[in-house]
1. Which residues, counting only those in the range 122-158, are closer than 17 Å to Q181 by Cβ and touching a residue at least 60 places away in the same chain (Cβ under 8 Å)?
2. Is there a residue being outside the structural domain of M106 (by TED's automatic domain parsing), under 26 Å from the mean Cα position of the chain (by Cα), surrounded by fewer than 17 Cβ atoms within 10 Å (Cβ to Cβ) and not in a helix (DSSP H, G or I) anywhere in the range 163-180?
3. Listed residues L189, L118, L184; which is more than 23 Å from I81 (Cβ to Cβ), without any contact (Cβ under 8 Å) to a residue 24 or more places away in the chain and in contact with a Phe, Trp or Tyr (Cβ under 9 Å, 6 or more places away or on another chain)?
4. For the range 136-143, does any single residue satisfy the condition of being surrounded by fewer than 22 Cβ atoms within 10 Å (Cβ to Cβ), assigned by TED's automatic domain parsing to the domain that holds T70, on the phi < 0 side of the Ramachandran plot and outside any helix (DSSP H, G or I)?
5. Can you name every residue in the range 115-160 that is under 30 Å from L195 (Cβ atoms) and small (G, A, S)?
6. A205: of a type in the set (G, A, S), modelled with pLDDT under 95 and not assigned by TED's automatic domain parsing to the domain that holds Y105, yes or no?
Amino acid sequence: MRHVWILLAAGLVLLGASPGETASKEAVKRNNFGGELFKQGKLDEALVEFQQAVALDSGYALAQLNLAFTYDRLGRADEAIPAYQKAIKLDPQNGMAFNNLGVLYMKKEQNDEAITTLEQGLRVDPSNVSLQKNLETVRKNKAIVEEREARIADAKKQAEARPKDPRAAYNLTRVYASLGQHDLAIEWLAKALQLGFDDLGFLKADPALATLRGDPRFVNLLKGR
């Protein structure tokens, strides 16, 4: 599936306590040590320190954000998402947290959640360029997904309405192939051939099937034809 460019999550692991935030001395110590480890590229060790910091002080917003950011950088999205959500609850004015959470939703193709999160971020940080660009991107991605789903639905409707028509089956093959859904494209190509699709010259040159031609299943379907 085609996607528009995504601006990567941005942020820094921060030391100390945020302005107006009072954290326990031991939690601050753990957070700061985690920050130093992170800067050295020791992300797993830094993670342990941030986990300890929030365990010591569950209201320490900065350590919570650092924890979320470290999960994010480690590629542990399923843990980063709830960690960012908690960071936002602790510091609802933090545009970076909204941005990074929105980007994670985008990567997981949860476009509605991403849009909601980025819009919330812009309400608290309206001049944030990352939030602006990522919101524009996810809206475009959502439009692409909706267009793709509409194409599939229309082709499926035609194939279901004319179950014995090889060209209807072949048209659905073309849609699936053009969207990179090869298993379904092969399935419907086999059905089209079984129903009697015989325009093999077009089939072999059809640009919509270009990505299928290297698939051994495609080659096998055309053997002897």
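1. Result: I144, V145, R148.
2. There is at least one residue in the range 163-180 that is outside the structural domain of M106 (by TED's automatic domain parsing), under 26 Å from the mean Cα position of the chain (by Cα), surrounded by fewer than 17 Cβ atoms within 10 Å (Cβ to Cβ) and not in a helix (DSSP H, G or I).
3. Details: L189 fails: without any contact (Cβ under 8 Å) to a residue 24 or more places away in the chain; L118 fails: more than 23 Å from I81 (Cβ to Cβ).
Only one candidate passes the filter, namely L184.
4. Within the range 136-143, not a single residue is surrounded by fewer than 22 Cβ atoms within 10 Å (Cβ to Cβ), assigned by TED's automatic domain parsing to the domain that holds T70, on the phi < 0 side of the Ramachandran plot and outside any helix (DSSP H, G or I).
5. Selection gives A150, A153, A155, A159.
6. Values: of a type in the set (G, A, S): yes; modelled with pLDDT under 95: yes; not assigned by TED's automatic domain parsing to the domain that holds Y105: yes.
Yes: the conditions hold for A205.
Residues checked against (1) surrounded by 16 or more Cβ atoms within 10 Å (Cβ to Cβ); (2) not acidic (D, E):
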residue	(1), (2)
S24	no, yes
D44	no, no
L62	yes, yes
F69	yes, yes
D72	yes, no
A83	yes, yes
G121	yes, yes
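The values are calculated or read from the model by the stated rules, or taken from the named source; none is laboratory data. Note that this is a predicted model, so its numbers are computed, not measured. Ideal geometry is used to build each Cβ from the backbone, glycine not excepted, and the neighbour counts take in all protein chains shown.
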